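The values are calculated or read from the model by the stated rules, or taken from the named source; none is laboratory data. All values derive from a computational prediction rather than experimental measurement. Cβ coordinates were reconstructed from backbone atoms using ideal geometry, including for glycine residues, and neighbour counts include every protein chain displayed. Just so you know, the surface numbers come from the protein's heavy atoms only, side chains and all, with ligands and any DNA or RNA stripped out. Shrake-Rupley method; radii C 1.70, N 1.55, O 1.52, S 1.80 Å.
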Amino acid sequence: QLQASGGGLVQPGGSLRLSCAASGITFSSYHIAWFRQAPGKEREFLAASRRYNSNPSYADSVKGRFTMSRDNTKSTVYLQMNYLTPEDTAVYYCAADSTLIMSSMRTWSEYVYWGQGTQVTVSS
């Protein structure tokens, strides 16, 4: 089970840190990713952390602004989001899977476990 939190209302240019806490799985054995979905749009890949690998990969749309990290001792991943714009407004999801191959890491439908989503609204 995944539990995402940390969303909210923030002004343009501001920052938020999302958390995703896992339970019931061997967290360190799972690939973890962040996605988002804005109204009327497809679910969009943001960042992914492969198990055993400390270097996340990022979508071009967030590279340099978002930073993903994971703490296997707490079974938690984080998404630090800086320089937010109204275009970042969406529901943000974390996802986990233990069997993905690298080429599937950015495909939302390949993930088995999902958090409930947390709303991020960027508005003045």
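May I ask you to list the residues in the range 21-64 that are among the basic types (Lys, Arg) and under 19 Å from Ser5 (Cα atoms)?
Arg36, Arg43
May I ask you to list the residues in the range 102-118 that are within 19 Å of Arg17 (Cβ to Cβ), of a type in the set (S, T, N, Q) and part of a loop (DSSP other than H, G, I, E, B)?
Gln116, the sole residue that qualifies.
Quickly run through the range 51-83 and pick out the residues that are among the charged types (D, E, K, R) and surrounded by fewer than 17 Cβ atoms within 10 Å (Cβ to Cβ).
Asp60, Lys63, Arg65, Asp71, Lys74, listed by residue number.
Mind checking whether some residue in the range 106-113 is of a type in the set (D, E, K, R), open to solvent by less than 10 Å² (accessible area, probe 1.4 Å) and within 15 Å of the chain's Cα centre (by Cα)?
Among the residues of the range 106-113, not one is of a type in the set (D, E, K, R), open to solvent by less than 10 Å² (accessible area, probe 1.4 Å) and within 15 Å of the chain's Cα centre (by Cα), which makes the answer no.
Would you check if there is a residue in the range 85-94 being within 23 Å of Gln1 (Cα to Cα), outside any strand (DSSP E or B) and at pLDDT 90 or above?
The answer is no; no qualifying residue exists.
Hey, could you check the range 74-96 for residues that are touching a helix residue (DSSP H, G or I) at 6+ places or on another chain (Cβ under 9 Å) and of a type in the set (Ser, Thr, Tyr) and say which is farthest from His31 (Cα to Cα)?
Tyr93
Please state which one of Thr99, Thr121 is under 16 Å from Tyr30 (Cβ atoms) and either part of a strand (DSSP E or B) or out of contact with any Ser or Thr (no Cβ under 7 Å at 6 or more places or on another chain) (or both).
Testing whether each residue is under 16 Å from Tyr30 (Cβ atoms) and either part of a strand (DSSP E or B) or out of contact with any Ser or Thr (no Cβ under 7 Å at 6 or more places or on another chain) (or both) leaves just Thr99.
I need the full set of residues from the range 24-46 which are over 14 Å from Ser98 (Cα atoms) and either loosely packed, with under 14 Cβ neighbours inside 10 Å or charged (D, E, K, R) (or both), in order please.
Arg36, Pro39, Gly40, Lys41, Glu42, Arg43, Glu44
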